[in-house]
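Colleague: Below is a structure I'd like to ask you about.
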Amino acid sequence: MNVIRLLTLENIKKWLWSLIRFVLIAGLSFVILYPIIQKISTAIKHPSDLYSPIVVWIPETYTLENFKNAISIMNYWETLWNTFLLASVTTVLTTASCALAGYAFARLLKSKGSKLLFAGVILTILVPPTTILIPMYMNLREFSMLGIIPLFTGDTVNLLDSYWPFILTSMTANSLKAGLYIFIFTQFFRGIPKAIEEAAYIDGAGVGKTFFRIMLPNAFPAIVTVVLFSFVWQWNDSFYTTTYLTSSNVMATQLSSLPYNLSMHLDHGDSANTDPFYLSMVQDTGILLSILPLIIIYLFVQRYFVQSVERSGIVG
Amino acid sequence: MNLLKQLGASLRTYEGQKTLWGMIFLAPWLLGFVFFFLVPFSMSLQYSFSNIEPGTDGINITFVGFANFIEAFTVNTNFNRQMLESILNIVINVPLIIIFSLFLAVILNQKFFGRSFARSIFFLPVILASGVILNLESTSLVQEINQQNAANGGLANALGSFELQRIMLRAGVNEYIVLYLTGAVERIYEIVSQSGVQILIFLAGIQTISPQLYEVSKIEGATGYEAFWKITLPMVSPLILVNVVYTIIDSFSRAPVTDLIMSVGFDNFNFGLSSAMAWIYFLSIMLILLLGTYTISKKVFYQE
């Protein structure tokens, strides 16, 4: 009797959907995880296993040699701390300035001029960073803020090789991909019903209070998204870090110079004798080491995505 | 005096307050926009029309008119071809990525066993396909060798998609659509790795939809399928616009054209030509985006 009751059309449909969903997600997860599994398997291999035809995934001789090499050559712990500091400072500043600008565009300013300014935001997304790199570099080397700073100190300031370019651009919502963050915030704030804002006004809240107490908590998913993106992209960015920072060690610069440093370390500069496969192997280990902190941080943050489902009950 | 009084009075109204606060909120961005964007941007426009040579005191800039642009189109052998290739790729990939990521975001929002685990996996492409790691990935030798091995053993793989193609053609599906879809299946890693950001944006967007809407539709007898078309899709439509814009820009930044611009500028030290190329590239993205956003923004639903 129970079997018959279980075999209703509704149940079959539900089970079938679960099955399809499972196959789909498992398959795609494999596609995504494949390169990482490969890296892990490479990282724990001994160099002798590289040429062994019987070793595909599981190495014959395990070794942590690659990790040791990569950590010592990359100067891992100091690099980790530098990168973490840089990424978190820029993330906090970028998120704050972009949220303010996004709200201003979405709800506060309604004139023709604000539409023109918003076109400016789109422009900052569109223009490839390569286009403005050279003028930007010159601008920062002799930073004068249109001649304001020399009035006080008598000379221009060289901001290169410090964290100032990153701090200044993120404070003013013009750092790496900041236009996109403003765009995300604007679209989110537009999606929140106007009735909430009006209700807050009727209850006596000013514009500032409405923003901080009502709108920001409602845009929580947007905040988490922006924080995550800006952190990860700052972490991985090699474009700006190699241009602005010449002597500081951050993850991206260390990672891109890892093969060269490694061959220096092994053969004292005679790179002709170094096995390219071995270099590639240690490089894979280095990549693994540099994305590991990001994955750990993501595991902590991603529960806020789930939480925000319940929070969004405020809306509507 | 009278004018000031009027201004003061208008600032005391709710609308006036809004404008005032809007100005304050916008001030940091506006400062940065002028100093860190507009100034370098106009300088690069100037560079594109000039010949740049390093001199004793900084650089010498001489005006040469459209010579750099003409060189990019007629003299440089790679530029035209790579530009066209990049544009074609984008036209093919953007709809696939958008549909795929919306579909996955809807699935990842449902309740099932191991959901948070699946979500963390689908975020990985954001980490893996960005910045320095993407560059290093393409030069990894070990990866290359393993891929070769996989291709040898993966004959069944290729056959699978071939079989699919035949079945669909027999079923009377249009040939172009079949080729499009099977092409997508073969490039699945590329598509998945490019849609990490889009999935996350959609996921966050779906979560801001209030659950009451779904409750009401359920009570009124709507199926999940209907709820998707009538509730989820209109509510996330502003984010479809965001994602289309992002996808176009992202695929352009991965395109070989970017490397060409970089190498012309920094390896050959031809900053003028490099700037001219960057400007052509930028104007063509503008054109595609304007067309795309114009068609989409008509259908977008806002809470106004």
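Colleague: Express in whole angstrom the spacing between the alpha-carbon centres of segment B:58-123 and segment A:1-66.
Modeller: What the calculation gives is 29 Å, centre to centre.
Colleague: Another question, if that's okay. Which whole-Hz ³J(HN,Hα) couplings does segment A:90-101 yield from phi under the Karplus relation 6.51 cos²θ - 1.76 cosθ + 1.60, θ = phi - 60°, glycine and proline marked x?
Modeller: Taking θ as phi minus 60°, the curve returns 5, 5, 4, 5, 4, 4, 4, 5, 6, 5, 4, 5 Hz for segment A:90-101.
Colleague: Each residue of segment A:66-81 in turn: what ³J(HN,Hα) in whole Hz from Karplus with 6.51, -1.76, 1.60 and θ = phi - 60°, glycine and Pro shown as x?
Modeller: Once θ is set to phi - 60°, the couplings for segment A:66-81 become 4, 4, 4, 4, 4, 5, 6, 6, 6, 6, 4, 5, 5, 4, 4, 5 Hz.
Colleague: Kindly rank B:169-176, A:276-283 from highest to lowest mean number of other beta carbons found within 10 Å of each residue. If you can, show how the numbers build up before the last one.
Modeller: Working: B:169-176: 9.6, A:276-283: 20.1.
Descending packing order for the listed peptides: A:276-283, B:169-176.
Colleague: I've got another one for you. Report the one residue of B:82, B:110, B:98 whose Cα lies farthest in the direction of the positive end of the charge dipole of segment B:39-128 (charges on C-beta: Lys and Arg +1, Asp and Glu -1; origin at the Cα centre).
Modeller: Among B:82, B:110, B:98, the one farthest towards the positive end of the dipole of segment B:39-128 is B:110.
Colleague: Something else about it: Between residue A:212 and residue A:30, what is 0.36 nm times their sequence separation minus the Cα-Cα distance? Round to one decimal in nm.
Modeller: This chain segment gains 61.3 nm when fully extended.
Colleague: Shielding of A:172-183 by partners, i.e. mean partner chain Cβ atoms within 10 Å per residue?
Modeller: Other-chain Cβ atoms within 10 Å of each residue's Cβ, averaged: 5.
Colleague: What is the set of long-range amide H partners of residue A:238 at a cut-off below 5 Å, with H atoms built 1.01 Å from backbone N?
Modeller: B:132
Colleague: Follow-up. Take peptides A:172-185, B:278-291 and line them up by average Cβ neighbours within 10 Å, highest first, as a rough protection proxy.
Modeller: Working: A:172-185: 25.9, B:278-291: 17.1.
Output ranking for A:172-185, B:278-291: A:172-185, B:278-291.
Colleague: Going by C-beta contacts inside 10 Å, put A:24, B:30 in order with the fewest on the left. Provide the component values of the computation, followed by the final result.
Modeller: On the way: A:24 13, B:30 16.
In order of increasing Cβ crowding within 10 Å: A:24, B:30.
Colleague: Quick check: pseudo-label points 7 Å beyond the Cα along Cα→Cβ at residue B:253 and residue A:161, how many nm apart are they?
Modeller: Distance between label points: 2.8 nm.
Colleague: If you don't mind, another one. With the crude spin-label approximation of a point 7 Å out along Cα→Cβ, what separation in nm comes out for residue A:55 versus residue B:269?
Modeller: Simple spin-label model gives 4.6 nm for this pair.
Colleague: Can I ask one more? Going 7 Å from the Cα of residue B:210 along its beta-carbon direction, which residues of segment A:172-207 have the amide nitrogen within less than 20 Å of the resulting point?
Modeller: In segment A:172-207, the label zone of residue B:210 (backbone N under 20 Å from the point 7 Å along Cα→Cβ) covers A:187-205.
Colleague: While we're looking at this one, here's another question. About its Cα centre, what dipole magnitude does segment B:177-301 give when the only charges are +1 on Lys and Arg Cβ and -1 on Asp and Glu Cβ, stated in debye to the nearest 20?
Modeller: Working: 6 positive and 8 negative charges, 61 e Å.
It works out to roughly 300 debye.
Colleague: Give me the one-decimal nm value for the distance between modelled label points at residue B:63 and residue B:166, 7 Å along each residue's Cα-to-Cβ direction.
Modeller: 6.8
Colleague: Amide H of residue A:157 versus every other amide H placed in the peptide plane: which residues, excluding those fewer than 5 positions away on the same chain, fall under 5 Å?
Modeller: A:143
Colleague: Okay, next question. Could you order peptides A:7-16, A:40-49, B:188-197, B:208-217 by the average number of other Cβ atoms within 10 Å of their residues, highest first? Write down the numbers at each step before the final one.
Modeller: Working: A:7-16: 9.7, A:40-49: 18.6, B:188-197: 20.2, B:208-217: 15.4.
Going from most to least packed, we get B:188-197, A:40-49, B:208-217, A:7-16.
Colleague: For chain A, rounded, prolate or oblate, judged on the Cα gyration tensor with a ≥ b ≥ c (square roots of eigenvalues), a/c < 1.5 rounded, else prolate if a/b > b/c?
Modeller: Working: a/c = 2.84, a/b = 1.11, b/c = 2.57.
Oblate is the answer for chain A, as a/c is 1.5 or above yet b/c matches or exceeds a/b.
Colleague: Considering every residue in B:192-204, what mean count of other chain Cβ atoms within 10 Å of its Cβ is obtained? Walk me through the numbers before you get to the answer.
Modeller: On the way: counts 4, 3, 0, 0, 2, 6, 0, 0, 7, 8, 0, 4, 13.
Rounded to a whole number, the mean comes out at 4.
Colleague: Is there a quick way to get the dipole size of chain A? I mean about its Cα centre, with the Cβ of Lys and Arg at +1 and of Asp and Glu at -1; what is the value in debye to the nearest 20?
Modeller: Details: 19 positive and 17 negative charges, 361 e Å.
For this selection, approximately 1740 debye.
Colleague: Counting partner chain Cβ atoms within 10 Å of every residue's Cβ in B:68-77, what's the average?
Modeller: 0
Colleague: When the Karplus curve 6.51 cos²θ - 1.76 cosθ + 1.60 is applied with θ = phi - 60°, which whole-Hz ³J(HN,Hα) does each residue of segment A:278-292 get, with x for Gly and Pro?
Modeller: The phi angles translate into 5, 4, 4, 5, 5, 5, 4, 4, x, 4, 4, 5, 7, 8, 4 Hz.
Rule-based calculations on the coordinates, nothing more; no lab input. Here the structure is a predicted model, which is why all the values come from computation and not from measurement. Here Cβ is always computed from backbone atoms with ideal geometry, including for glycine, and neighbour counts include all displayed protein chains.
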